[in-house]
Amino acid sequence: RKGDYSGAIDQYIYTIGSLEPSHVIFRYLDAPKIPLLVKYLEELRSRDLTTPVHNELLRTCYLKLNDAESAEAIAAVSSRSMDTESLSTMVANSPKDALATICSFEAPQAAEALAVYGASLARLLPRETAGLAVSLCLGTFSPRKLSESSATIMADAKKFLEHPNNHEDQAHEPYPVHIFASCFMENPKMLRLILTHCNRNKCPLTPSLRRTLLELTLAEWNQAKRTGDTEAEKLRRKEAIASLTDSHCREIGDYDALVIVQLAGFEEGELLLYERLQMGPMLLSRYAKDGTEKARRQMLAMAQSDGDVLADVLGYFVNMVAERLADAEDVDDGEESDDEVNDILEDISECLALARRQNILPPVRIARILAGEGTGQFSSAGVNGGQSQARTVPLSVALDYVGDILDESRKEISRLKVEVEEYNQLCNSMEAEIESLLKASQAVPSHKEPSEDVSPRINIEEMYAKVRMALDEGDKEDNKAELSREAFWREMDQSEDSFQTIARFFAKGVIQ
């Protein structure tokens, strides 16, 4: 409606983002329309679409409406924008003042400034800069809290790295971690601390950041091993295992994670990923290299249902015994070495008992494995392949297995021998019966001419043709009778003199 400026401004607000603001502002510069212009500019500012010119115009409108408090708020924001422009010089001359200035900004301006100047600040004030980045990633950053006292800004920033996040203290939407991660590339320890803290507080991390966290954690784990820091080594090991087993572990990528743990020499992580990826041969090799009782139990568990795996496990056990015996000859370790060898021999006995229950592997192949000739089915390829000297085990460990095999073989031979004898007797009896029948046929006297003894020849094809002809004729007669009966009943329905119809069909022989 013409003159309805209030209704028009509501419609103009709906056009924000598609219509140029200057087109609207030009129409509401008259003094009576200033409240409506303020309404439009406030909506524009709430959507972060204002420029410095728009902010200055809004401040002027507030002053004309005698709203000094709102005008001062606009002026404060403008002064902060001016501070942002001078941060570059401030970072080089006084990094603490630069960090204090960033802490006085609102969260969007602070995040933008930290993304630009964070790398420079991280070199000079790494822990304080990391605390500020964590507060922005957790959503707990608040300029009111950090700007209360400039003397406590550094201490407050450090606290964000030491205390867990309380979701009730969240003041704004959390910012993505990857925005600030690049600022700490020159300080890997601080980057690991930031990523660990954010991961612990459920901040979303990209797959590349999760891989970076795993690499940095294992790097510090290796460093702790080299320096003998047992406490740090246990802590980093626990964190690495958590990265490989938590709900986000699949985001790293199993094969990428396997490469990372292999380069770091993290054997526990290798075993975990081998199991997850079902890499049987690699897993067996790692268990065999470990050689502990727990590892041997795992190897026996893997061999429960697969004959080829059982052959590999038996080959590894034979290698272990041969290596322990060879080491015992070079260095006398006393009873401890003997106990370990006895334990492995017991595992070999259990493996042989498993092979007897499965009845998959041929005894010859098992004998070749025990003799150190390899685990391959047709050749010496396997865990022992390529060794110049065969590694064997004491004969005593295989006596039970060999004895059972020999007993079964003896029983099988006896059974086959009995069957052969029975078959031989059956053949002999059949041969005797045939001979008796031949003799009986030769003993019968012959008084007839040879031609009379010949049985009459039967022509099967001729007999079959006669039978088919008889069947066809019978079918024709049956069909003819059926047609006659149908004709009789049809004429009975249509005839006016039923007696005459019956007499006529009786004469034809249809009715008997």
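Here are a few things to note about the model shown:
- Of 189/289; 189/294; 2/64; 234/294; 234/289, pairs whose Cα-Cα distance is over 24 Å: 189/289; 189/294; 2/64
- The apolar share of the surface of the stretch 104-145, taken as the fraction of accessible area on carbon and sulfur atoms (1.4 Å probe, ligands and nucleic acids excluded), comes to 53 percent.
- Heavy-atom accessible area for residue 286, with the other protein chains in place and a 1.4 Å probe, reaches approximately 40 Å².
- The stretch 33-45 - phi-based ³J(HN,Hα) in whole Hz, Karplus 6.51/-1.76/1.60, Gly and Pro as x: 9, 4, x, 5, 5, 4, 4, 5, 5, 5, 5, 5, 6
- Within the stretch 163-260, the GluC sites (Glu not before Pro) that combine a DSSP coil assignment with at most 16 other C-beta atoms in a 10 angstrom radius are 186.
- Cα gyration tensor shape for the stretch 1-70, rounded if a/c is under 1.5, else prolate or oblate: oblate
- Computed magnitude of the charge dipole of the stretch 208-311 (debye, nearest 20; Cβ of K, R +1, Cβ of D, E -1): 160
- Nearest-10 value in Å² for the accessible area of residue 172, using the 1.4 Å probe: 30
The values are calculated or read from the model by the stated rules, or taken from the named source; none is laboratory data. Worth saying up front: this structure is predicted, and the values here are computed from it rather than measured. We place every Cβ from the backbone using ideal geometry, glycine too, and count neighbours over all the protein chains shown. SASA here: full protein model, heavy atoms, side chains in, ligands and nucleic acids out. Shrake-Rupley method; radii C 1.70, N 1.55, O 1.52, S 1.80 Å.
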